[in-house]
1. Rounded to the nearest angstrom and ordered from largest down, what semi-axes does the equivalent ellipsoid of the chain get from its C-alpha gyration tensor (root of 5λ)?
2. Which whole-number value in Å² is the accessible area per residue of the range 121-202, probe 1.4 Å?
3. How far apart, in nm, are two points set 7 Å out from the Cα along the Cα-to-Cβ line at residue 222 and at residue 601?
4. Hey, for a label at residue 421 modelled as a point 7 Å past Cα toward Cβ, could you say which residues of the range 467-509 have their backbone N under 13 Å away?
5. Identify all lysines with a Cα-Cα distance to residue 438 below 24 Å; exclude those on the same chain that are fewer than 8 residues away in sequence.
6. Rounded, prolate or oblate: which fits the range 91-146 when a ≥ b ≥ c are the square roots of the eigenvalues of the alpha-carbon gyration tensor, with rounded for a/c under 1.5 and prolate only if a/b beats b/c?
7. Kindly flag which residue pairs out of 82/691; 36/642; 82/131 have an alpha-carbon separation exceeding 20 Å in this structure.
8. Mind checking which aspartates and glutamates have their C-alpha under 18 Å from residue 276, skipping anything on the same chain fewer than 8 residues away?
Amino acid sequence: MTEKSAAEIKPPVAAKRPHSATYHGVTLTDDYHWLKDQSYPTIDDAEILEHLKAENAYFEAQMAPQAALTETIFQEMKGRVKEDDSSVPQKDGDYIYWSKFEEGAQYRKHYRKPVAGGPDQLILDENELAKGKDYFRLGAAEVSPDGTLLAYAYDDNGSERFDLHFRNLATGENLKDVIPGTLSGIVWSSDSKGVVYGLANENWRTDNAWYHRLGDDLTAAKLLYKEQDIGFGVGVGLTAQEDWIVIATGDNVTSEVRLVPANNPTATPIMISPRKVGRQYSVDVRDGTLYILTNDDHVNFRIATASLKKPAEWTTLIGGSDDYYITGLSLFKKFYVVEGREAGLDQVEIRYYDDLERTTPISFPEASYVAQLDDNPEYDVDKLRLSYESMVTPDTVYDYHVREGRLETLKVQEIPSGYDSAQYVTERVMITARDGTKVPVSVLYKKGFKKDGSQPLHLYAYGAYGYAVPPGFSANRLSMVDRGFAYAIAHIRGGDDLGYQWYLDGKLTKRTNTFNDFVDAAKGLIALGFTGKGKVTASGGSAGGELMGAVVNQAPELFGAVVSHVAFVDVLNTMLDKDLPLTPGEWPEWGNPITDKAAFDYIRSYSPYDNVEAKAYPPMLWTAGLNDPRVTYWEPAKMVAKLRAMKTDDNVLLLKTNMGAGHGGKSGRFERLRENAEEAAFLLWQMGMAKSGS
């Protein structure tokens with residue numbers, strides 16, 4: 001197909017069918033309400049499906065001239081993937097466990113072998129489970145304490161409902177027990193005869209914890225806990241000594257924890273401390289002492305202890321700090337590990353039960369990096385498994401030898417097609433936002449990059465739920481960086497990059513700080529010469545897709561092209577629909593426009609779908625997943641329909657809906673790479689850099 005023939009194909013035009021509803025005396029009219037299938041979560045409306053298929057056909061036609069470029073980039077990305085790659089083996093009890101990809105395989109195989117010696121044992125082959133399926137995702141997988149059974153759950157349509165299965169590891173045969181519709185972790189009872197898990201309810205929420213004893217009928221499962229607040233979700237876990245099962249419930253700002261004995265899961269749960277709105281806490285146990293990570297008296301959290309006999313009486317162990325944001329606490333037999341961030345940089349510290357003043361911070365070699373505890377399944381250890389990377393350093397796995405204070409390199413991500421870190425430069429710049437706040441931005445570029453405003457720059461961010469986008473390594477970025485792009489991550493408010501207050505300053509009534517930070521970061525990078533006006537490309541997904549919708553409404557002239565994945569853009573309508581899977585749990589993040597007029601007015605002022613205007617927009621690619629329970633397919637579909645009707649430019653506007661996938665797009669490592677290659681090809685095309693497939 002030629003460029004001309006592709007240009008001649010007209011985009012689908014969604015019919016306008018006004019639908020109105022009134023809240024707080026304000027009548028909202030929505031011309032594209034009909035794109036939401038009224039039988040959702042069943043999606044079978046023929047007209048809606050035909051519209052999405054027409055959009056997909058238009059996407060394919062418009063991208064067809066870029067097929068050679070897409071294939072070139074795909075092969076580049078694939079060439080950076082070690083096809084026969086294995087994880088670093090790790091000891092857990094009597095066995096050593098690891099997983100591996102075989103050459104050409106989309107999914108992993110999982111192995112173990114006895115510590116005492118013996119042959120490798122294949123315990124799970126994801127490729128076999130995925131055979132004949134368009135989508136596959138392994139969820140939780142846990143070996144029983146006695147090492148004889150494997151519990152594993154998988155989703156084969158992207159809906160995030162996982163069917164739980166059990167396998168006899170001696171024979172390789174599956175047990176007859178199958179638990180459909182799980183949506184949580186899996187925790188074995190200490191006798192290896194049953195599991196604790198959570199089920200997704202009709203609205204894709206986990207509001208429960210159950211215990212199933214193997215061999216029993218599912219109707220005999222015991223309900224351990226049922227949450228009554230529709231905004232709270234329930235999760236299950238296991239303490240470090242594996243003697244208590246944790247049943248935690250909460251939303252984005254409030255939590256409540258109960259414990260049940262791992263050797264008697266149906267015993268009456270021990271309540272640690274009743275929920276208080278705005279207070280978060282998590283719990284681990286060591287020899288009858290509770291260790292609690294909480295934000296009850298400092299925004300950056302403190303660590304407290306308590307007795308199991310008086311679990312609500314907390315005594316400070318490590319106080320909160322304005323400078324040090326505590327993000328994690330892990331207990332081991334001889335020491336415990338505190339993870340956090342200081343000035344936005346990851347910190348890992350070893351501390352000791354018998355000497356409160358003794359602290360051993362683990363030092364890392366670069367000025368900007370990502371570092372954290374990795375897989376550490378055992379309680380009694382003398383070394384810690386760590387992961388480390390930076391924007392120029394590939395993912396590295398270390399063992400840290402505690403007594404010696406020594407890092408041992410176990411594995412560095414291999415780039416088979418070749419990679420020389422000395423050819424790349426990373427910087428961290430501080431850009432002043434419009435309200436005077438200094439926003440950090442991590443930038444990667446190739447040596448020789450000219451800071452004269454002549455070269456393009458890709459800007460990425462997320463900015464919600466307190467998730468800090470780490471300044472880590474991505475081999476996929478190199479396809480754009482090697483073609484002359486700088487790649488930047490804006491650490492905007494809404495994440496917790498600079499502490500928990502950084503998150504609070506980008507949510508609820510401060511949500512627009514997130515969008516302003518991103519726009520101001522783009523302007524700041526232009527002012528510093530990293531790029532020029534109209535030469536910034538941008539991308540984000542989910543809440544980051546909402547960010548993309550907001551910034552193109554606010555400052556479309558800055559951007560040369562934008563990609564918005566599974567975008568949460570119909571914010572007001574979604575927050576007004578309490579029956580959607582995630583809405584009640586989202587009100588603490590965005591506000592409840594049903595009961596709060598101020599929240600209604602504020603969300604309406606920035607909701608991307610509600611603020612599309614008749615003006616010029618940059619070229620854009622939007623994606624959706626038909627089975628996505630987090631951001632429903634109709635949000636991007638409605639946004640694109642409205643943009644098509646209102647925008648005044650002739651720039652390309654594309655929508656691609658994965659008809660057999662959910663929030664994460666296609667499954668399989670190479671299928672995901674192809675989607676990454678499509679995005680890069682789209683951006684290069686729109687920036688005039690798609691040169692005959694090169």
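1. Values: eigenvalues 316, 177, 157 Å².
The equivalent ellipsoid of the chain has semi-axes of 40, 30, 28 Å.
2. Details: 3360 Å² over 82 residues.
Per-residue accessible area for the range 121-202 comes out at 41 Å².
3. 5.3
4. 472-474
5. 451, 507, 510, 523, 533, 535
6. Details: a/c = 3.11, a/b = 1.83, b/c = 1.70.
Because a/c hits 1.5 or more and a/b exceeds b/c, the range 91-146 counts as prolate.
7. Values: 82/691 28 Å; 36/642 14 Å; 82/131 22 Å.
Checking Cα-Cα distances, 82/691; 82/131 exceed 20 Å.
8. Residue 276 reaches 227, 229, 251, 256, 296, 297, 313, 586, 589.
The values are calculated or read from the model by the stated rules, or taken from the named source; none is laboratory data. Fair warning: this is a prediction, and the values are worked out from it, not measured in the lab. Ideal geometry is used to build each Cβ from the backbone, glycine not excepted, and the neighbour counts take in all protein chains shown. Just the protein is used for accessible areas: all its heavy atoms, side chains included, with ligands, DNA and RNA removed. Shrake-Rupley method; radii C 1.70, N 1.55, O 1.52, S 1.80 Å.
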